[in-house]
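Structure record follows, encoded as structure tokens.
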Amino acid sequence: MSLINKMLQDLDARGGAPQAAGMPDAVRAVPDTPPYRRSALLIGLGVAIMLAGAAFAGWRYWNKAPAANVVPVAPAKGVIKAVPAADAPQLTPPEQMVDGLPLPAPVAPQAGTAKVQPAQKAAPEKEARVAKARQASPERSPKMTATKQPSGGASQVTSVARDGGVQVSATTLYERAQSKLLSARIQEAISDLEAALEIDQRHLAARETLVAVLVENQRQSDAMRHLRRALALTPQQTGMAMLLARLQLEHGGGSIDTLERSLPYAEANAEYRAMFASVLERDGRHREATDHYQAAVRLQPGNAVWWMGMGISLQADQRNAEAKVAFQRARDIGRLAPELQSFVERRLQQLN
């Protein structure tokens, strides 16, 4: 999910949605290298095949050219010339001779009589055998081949073709979109990525790339639409849930519902719990926010921002003694921005 994390970090760097106190200042991304090596290898292979084809065509041309210039040589004297077929004497085959003499010519049948040829006589029997063989042959299984309906009927795709071809087709479109992104053909790449997802809605790499391109090109509504579709299929994609919630904070609402649906898959995700706490805190639901902050600092106790956020919610819930402890912990850990450090000091003075 490094691509999703990078998008979250970019949104924070741009200063998109106003942060509630206690929202993580940045979601750290793991550097990742875009998967373009496979496309480069395929392009190199195509160039090599084209060069090999051109070399073969040239070799055939130079081998055929001398043969076209060959001058026919006249036969030498004394060589027996072959007699044309028309001038050659006609010989009677042995089977048509008796005692060395040719058989008499066959007599033509008289008018009114019909002679049955053997081929005509055998034709009905042959047709009967073929029809009988067709009836006895078993039908082909629909799982082995794809049949086509006659005139106007839709082609029937087999289950083997679906199972074996769906992922390949989606991957091909995804790789083609990557090549187009390298050439800055953004709209064509978006079309290929959307087509890949129509074939395979669970193609995670295509979904992440499409969302990243849409966010980068300021098409947040389209990005949120694709994120909702992804989470409807796989709610365990907690990174996508965090990104959708962040976009919803900037454009509209519904971030709490989004985070709540994927919460069962993020119980041990400290950043998810802290983000959920900050969204609840923004909505005035301080008791629930405190629970999520406590879960987050149990998982990562060294985050001073989360301790500060928990102190804010505890103080708002009139739990001043606990709030003082949380603020003191945030101050002792340090590593806060100067304005946040001053904020913590002021809250401690109020509580004292």
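The values are calculated or read from the model by the stated rules, or taken from the named source; none is laboratory data. As the structure is a computational prediction, the values presented were derived from the model and not from experiment. Every residue, glycine as well, gets a Cβ built from its backbone with ideal geometry; the counts of neighbours run over all protein chains shown. What goes into the accessible areas is simple: the full protein's heavy atoms, side chains included, and nothing from ligands, DNA or RNA. Shrake-Rupley method; radii C 1.70, N 1.55, O 1.52, S 1.80 Å.
Here are the numbers for the structure shown:
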quantity: Under the Karplus curve 6.51 cos²θ - 1.76 cosθ + 1.60, θ = phi - 60°, whole-Hz ³J(HN,Hα) for segment 302-307, x wherever Gly or Pro sits; calculated: x, 9, 5, 5, 5, 5
quantity: Cβ-based charge dipole, segment 195-352, positive-most Cα from Gly334, Leu351, Ala289; calculated: Leu351
quantity: Under 12 Å, Cβ to Cβ, from Leu197 - net charge with Lys/Arg +1 and Asp/Glu -1; calculated: -1
quantity: For segment 168-218: rounded, prolate or oblate by the Cα gyration tensor [a/c cutoff 1.5]; calculated: oblate
quantity: Residue order for Arg346, Arg225 - accessible surface, 1.4 angstrom probe, largest first; calculated: Arg346, Arg225
quantity: Rounded to whole Hz, the Karplus (6.51, -1.76, 1.60) HN-Hα couplings of segment 318-327, x for glycine and proline; calculated: 6, 10, 5, 4, 5, 4, 4, 4, 5, 5
quantity: Separation of alpha-carbon centers, segment 240-272 and segment 286-343, rounded to whole Å; calculated: 21
quantity: Exposure of Ser183 as accessible area (Å², to 10), given a probe of 1.4 Å and all protein chains; calculated: 70
quantity: At most 14 other Cβ within 10 Å, DSSP loop - GluC sites (Glu not before Pro), segment 246-328; calculated: Glu267
quantity: Local electrostatic count at Phe276 - Lys and Arg +1, Asp and Glu -1, tallied over other residues with Cβ under 10 Å; calculated: -4
quantity: Computed Rg/Rh of segment 212-352, alpha carbon atoms with Kirkwood Rh; calculated: 1.04
quantity: Segment 254-297 residues near the modelled Gln318 label - backbone nitrogen below 14 Å, point 7 Å along Cα→Cβ; calculated: 287
quantity: Residues of segment 216-234 with amide N under 18 Å of a point placed 7 Å along Cα→Cβ from Ile186; calculated: 216-226
quantity: At R0 = 41 Å, FRET efficiency that the Cβ-Cβ distance of Arg261 and Ser169 yields, to 0.05; calculated: 0.85
